Amino acid sequence: MTDNSESVVVDLTTYIKQDDESEKFTFRELGSLVNVGTKTYLRFKETQKGEKVASVTIKISDDHIQLTRQDSMGHHSRLIFADKEQHDTIYQTPYGPMNLSVDTKDLLYSYNESPQSGDLLINYELYSGKMMVGEYKMQLHFSA
């Protein structure tokens with residue numbers, strides 16, 4: 001099997017609202033993009049203060065987006081986003097697993113083949129049981 005991955009620049013902005021507090025995180029990372037059949041995989045290492053802190057894989061398919069993030073402190077998450085749908089997941093922490101529910105409010109994805117680039121926008125809410133953990137907005141752009 002040949003490696004058909006292409007290097008891309010990933011610009012990611014995440015907005016988080018929990019209780020009455022809001023935070024914004026912005027990252028620019030080097031990553032790789034690979035198309036396998038009808039799926040697209042975007043992989044990159046998230047850095048904070050110059051250190052690589054998490055491996056991120058975003059799998060884009062026709063009916064959903066899957067975001068997998070694993071950091072060096074023992075946190076592991078696999079979130080599934082499908083427009084106007086809710087999906088249950090387990091968030092692994094160093095203290096044990098936590099059951100979460102992902103409620104996708106909006107999901108928009110666009111892709112250009114030449115040159116390879118794309119935009120992804122996801123608005124979602126996270127719940128632990130019936131309690132809302134927070135409201136989230138993820139804006140991602142990648143380009144070769």
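The numbers here are math on the coordinates, done by the rules we state, and not lab data. In this text, all values refer to a predicted model and were calculated from it rather than measured experimentally. Don't worry about glycine lacking a Cβ; one is built from the backbone with ideal geometry, like all the others, and counts go over all protein chains shown.
Ranked by the mean number of other Cβ atoms within 10 Å per residue, highest first, peptides 54-60, 67-73 order as 54-60, 67-73.
Summarising the amide proton neighbourhood of residue 85: residues at separation of 5 or more, or on other chains, whose placed amide H is nearer than 5 Å comprise 104. Be a star and scan segment 73-117 for residues whose amide nitrogen sits under 13 Å from the point 7 Å along the Cα-to-Cβ vector of residue 57. Backbone N within reach: 77-79.
Summing charges over neighbours of residue 92, with a neighbour being any other residue whose Cβ is under 12 Å away from its Cβ, gives +1 when K and R count +1 and D and E count -1.
The calculated pair-distance distribution of the chain uses every alpha carbon pair, bins of 10 angstrom beginning at 0, and gives 11, 40, 37, 11, 1, 0 percent. A simple spin-label model places the labels of residue 114 and residue 93 5.0 nm from each other, with each point 7 Å out along Cα-to-Cβ.
With 19 Å as the limit, the listed pairs 45/105; 17/130; 24/49; 24/137; 39/105; 59/130 have 45/105; 39/105; 59/130 beyond it between alpha carbons.
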